[in-house]
Amino acid sequence: MKLKSMTSVITKSALVLAASASLSAFAGTSAPAKGVTPVVPEESGALFDTVGATLEVGYDTRYYFRGLWFADNTVWTGLSLSIPLTEQLSLGFGALYTTTVETSSSNAGIGGVDGAGDFDYSELDLSTSLTYDAGFAKFGLVYTHYEFFDGFSGTNFGIPNGGGELNVSGVEEVGMTVAAPLGPVNFYAGFFYDLTIGASYAEVGADLPIEITSWLSLVPAVKTGYGFSNYYTIVGQSHQSGLTHVIPSLSAPIKLTKSATLTPYIAYNISLDTRHLNNTEDNEIFGGVKLSVSF
């Protein structure tokens, strides 16, 4: 009798455990063991995981923009914001401020001509853009305002009245861009029209990110441009339209944290048809470093 009772208890217990296991499996979860607190995923408690903003600060030994020299030893800070409108379309805003720490008089002229002395240079760029992600490529439409607080650039020095088109204090520009990966290589191109001087500029480039470790990459890149109809050239020079420059570069992004990246780089500016007379050096090595933080 005792043996039958024990057998009955064991049988009932087994049925209860089986039923419990079946219910747990049906519910898709398993019951926690006694004395163990179940881990519950924490809620972010925010509307968005990230703001979609990037803050950057940097230093360049020489400041070249589209193959045209502006100043030496520049420091800059930039803030960009991307706001998704749909799954494919996003709205962007950007602000970039650049200023020179020191630019010597020996670099303040055109083609090696000395200027009047050391000079200050500062610039503010404000932009807004629309970007459409088509999957195979990203297409952009961008509007930018450039404000030159100390004149257009160091190339103003040594030429009366800033050399014609160079004597500007502000520029309005519209542009179209496209970026597309082809295997491991990233290709990009842009076409920009300067509303202030009525001239346009086109550029193409490519880069190849090479992962060295989980936190370090090497990125060789090259970019070249073409200026149309006196795109910031010296009035009267033989080439009013033509190739501006070629800049091969090598950068090394270092991932410091999930959101912060430090990127040193080295580059070589090669002045072409429309930049020979504008720049203080035809060909030279320069470099710099930037810190980017996304949030």
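Examine the range 149-159 for a residue that is of a type outside the set (S, T, N, Q), at pLDDT below 95 and in a strand (DSSP E or B), and state whether such a residue exists. The answer is yes; a qualifying residue exists.
Taking the listed residues Leu272, Leu277, the one that is open to solvent by less than 60 Å² (accessible area, probe 1.4 Å) and either over 23 Å from Leu55 (Cα atoms) or touching a helix residue (DSSP H, G or I) at 6+ places or on another chain (Cβ under 9 Å) (or both) is Leu272, with no other qualifying. The condition of being touching a residue at least 12 places away in the same chain (Cβ under 8 Å), touching a strand residue (DSSP E or B) at 6+ places or on another chain (Cβ under 8 Å), open to solvent by less than 70 Å² (accessible area, probe 1.4 Å) and within 22 Å of Ser127 (Cβ to Cβ) holds for only one of Thr263, Thr233, that being Thr263.
Filter the range 165-178 for residues that are open to solvent by 30 Å² or more (accessible area, probe 1.4 Å) and part of a strand (DSSP E or B); which is modelled with the lowest pLDDT?
In the first step, residues of the range 165-178 are kept if they are open to solvent by 30 Å² or more (accessible area, probe 1.4 Å); the result is 165, 167, 169, 172, 174, 176-178.
Applying the additional criterion that residues be part of a strand (DSSP E or B) yields 172, 174, 176-178.
On the way: Glu172: 95, Val174: 98, Met176: 98, Thr177: 98, Val178: 98.
Filtering first and then ranking leaves Glu172.
Tallying residues that are within 12 Å of Trp215 (Cα to Cα) and open to solvent by 50 Å² or more (accessible area, probe 1.4 Å) within the range 245-258 yields 4.
Output the residue which, of all residues in the range 95-110 that are open to solvent by 50 Å² or more (accessible area, probe 1.4 Å) and farther than 18 Å from Phe148 by Cβ, is modelled with the highest pLDDT.
Of the residues in the range 95-110, the ones open to solvent by 50 Å² or more (accessible area, probe 1.4 Å) are 96-97, 101-102, 106.
Going one step further and asking which of them are farther than 18 Å from Phe148 by Cβ, we end up with 102, 106.
Details: Glu102: 83, Ser106: 59.
Here the answer is Glu102.
The residues of the range 179-190 that are assigned to a strand (DSSP E or B) and open to solvent by 50 Å² or more (accessible area, probe 1.4 Å), listed by number, are Pro181, Leu182, Asn186, Phe187, Tyr188.
The values are calculated or read from the model by the stated rules, or taken from the named source; none is laboratory data. This one's a predicted model, so the numbers in the text were calculated from it and none came from an experiment. As a convention, Cβ positions derive from the backbone with ideal geometry for all residues, glycine included, and neighbour counts pool all protein chains shown. All accessible areas refer to the heavy atoms of the entire protein, side chains included, with ligands and DNA or RNA removed. Shrake-Rupley method; radii C 1.70, N 1.55, O 1.52, S 1.80 Å.
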